[in-house]
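Take a look at the structure set out below.
The values are calculated or read from the model by the stated rules, or taken from the named source; none is laboratory data. Fair warning: this is a prediction, and the values are worked out from it, not measured in the lab. Counting neighbours? That spans all protein chains shown, and the Cβs are built from the backbone with ideal geometry, glycine included.
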Amino acid sequence: MNRDEKIKIADLKPILLEKTSIQPFDSHYFYQDIWAFKKIMQSNTANHVDIGSKLDFVGFLTAITKITYIDIRPMYANLENYEGKQGSILNIPYKDNSLTSISCLHVAEHIGLGRYGDPIDPAGTIKACKELMRVLKKEGNLYFSLPVGKYKICFNAHRVHSPEQIIDYFRGLKLKELSGVDDKGNFVQNIDIETLKNAEYACGLFHFVKQ
């Protein structure tokens, strides 16, 4: 062939699985990030704290408000409206009743399973929920998600909780909205809780407000 491209063996990087008829995506993360982003934008909050969610979601939020991102593996980025802090969801570095807007998306299901070097703790998820409640201010908003359906532990990746468990863990907060992504990957606003409780691996999207 004319204009052959010379290739070095050391530069070969075969990509073999991307010849697809449609663009694949992770429905849990795709829809939850859009759901939470819209809610945070509509709230007009001047400051928002995220605990351990996806980094691109956190980065996009800096376009609409000031963001503090907390994680046991902090990200320090040179980005306007952004601050990174090291911290644990089991010991959030804020006083009681101090935060007006918090997001924690697809995080709490991992706590206490050792996946990220944390100690094994069967009560990891509920402890994370209690700590989020502790720092949330009166009338503050919490945007929370994790896998929901028939309860099970997929060690050491994650847990699947029933939606009733999560509502109970946040007892004392008002559930303002329950939406979700069903087992087929469909986003449903104000989803029927029965759809989520009977699922295998759905995503529950919970908007709580502190009374």
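Miscellaneous remarks
- From Leu196, Leu178, residue being in contact with a Leu (Cβ under 9 Å, 6 or more places away or on another chain), under 25 Å from Lys137 (Cβ atoms), not in a loop (DSSP other than H, G, I, E, B) and not hydroxyl-bearing (Ser, Thr, Tyr): Leu178
- Of the numbered criteria (1) loosely packed, with under 13 Cβ neighbours inside 10 Å; (2) in contact with a Lys or Arg (Cβ under 7 Å, 6 or more places away or on another chain); (3) closer than 30 Å to Asn186 by Cα, the one Pro93 fails is (3).
- Ala123 surrounded by 22 or more Cβ atoms within 10 Å (Cβ to Cβ) and either more than 23 Å from Lys38 (Cβ to Cβ) or at pLDDT 95 or above (or both): no
- Only a single item in (1) of a type outside the set (A, V, I, L, M); (2) under 30 Å from Val188 (Cα atoms); (3) exposed (fewer than 13 other Cβ atoms within 10 Å of the Cβ); (4) touching a residue at least 12 places away in the same chain (Cβ under 8 Å) is not met by Thr20, and it is number (4).
- Here Val209 fulfils each of the conditions (1) surrounded by fewer than 18 Cβ atoms within 10 Å (Cβ to Cβ); (2) assigned to a helix (DSSP H, G or I); (3) of a type in the set (A, V, I, L, M) apart from (2).
- When the residues of region 173-185 are filtered to those that are in contact with a Ser or Thr (Cβ under 8 Å, 6 or more places away or on another chain) and over 13 Å from Phe144 (Cα atoms), the one that is surrounded by the fewest Cβ atoms within 10 Å (Cβ to Cβ) is Gly185.
- Identity of the residue in region 150-172, in contact with a Phe, Trp or Tyr (Cβ under 7 Å, 6 or more places away or on another chain) and crowded, with 22+ Cβ neighbours inside 10 Å, that ends up farthest from Glu200 (Cα to Cα): Ile166
- Top-ranked residue in region 96-139 [being in contact (Cβ under 8 Å) with a residue 40 or more places away in the chain and among the small types (Gly, Ala, Ser); ranked as nearest to Ile70 (Cα to Cα)]: Ser103
- Against the criterion of being closer than 20 Å to Leu178 by Cα, of a type in the set (S, T, N, Q) and touching an Asp or Glu at 6+ places or on another chain (Cβ under 6 Å), Ser103 qualifies.
- Selection count, region 130-145, where residues are buried (at least 23 other Cβ atoms within 10 Å of the Cβ) and out of contact with any helix residue (DSSP H, G or I) (no Cβ under 9 Å at 6 or more places or on another chain): 1
- With respect to the conditions (1) within 22 Å of Tyr29 (Cβ to Cβ); (2) of a type outside the set (Lys, Arg); (3) surrounded by 16 or more Cβ atoms within 10 Å (Cβ to Cβ), Glu200 falls short on a single one, namely (3).
- Residues of region 130-166 that turn out to be in a helix (DSSP H, G or I), within 14 Å of Cys104 (Cα to Cα) and either in contact with a strand residue (DSSP E or B) (Cβ under 8 Å, 6 or more places away or on another chain) or among the acidic types (Asp, Glu) (or both), as a count: 5
- Within region 147-178, the set of residues being over 26 Å from Gly117 (Cα atoms), out of contact with any His (no Cβ under 6 Å at 6 or more places or on another chain), basic (Lys, Arg) and touching a residue at least 12 places away in the same chain (Cβ under 8 Å) comprises Lys150, Lys174.
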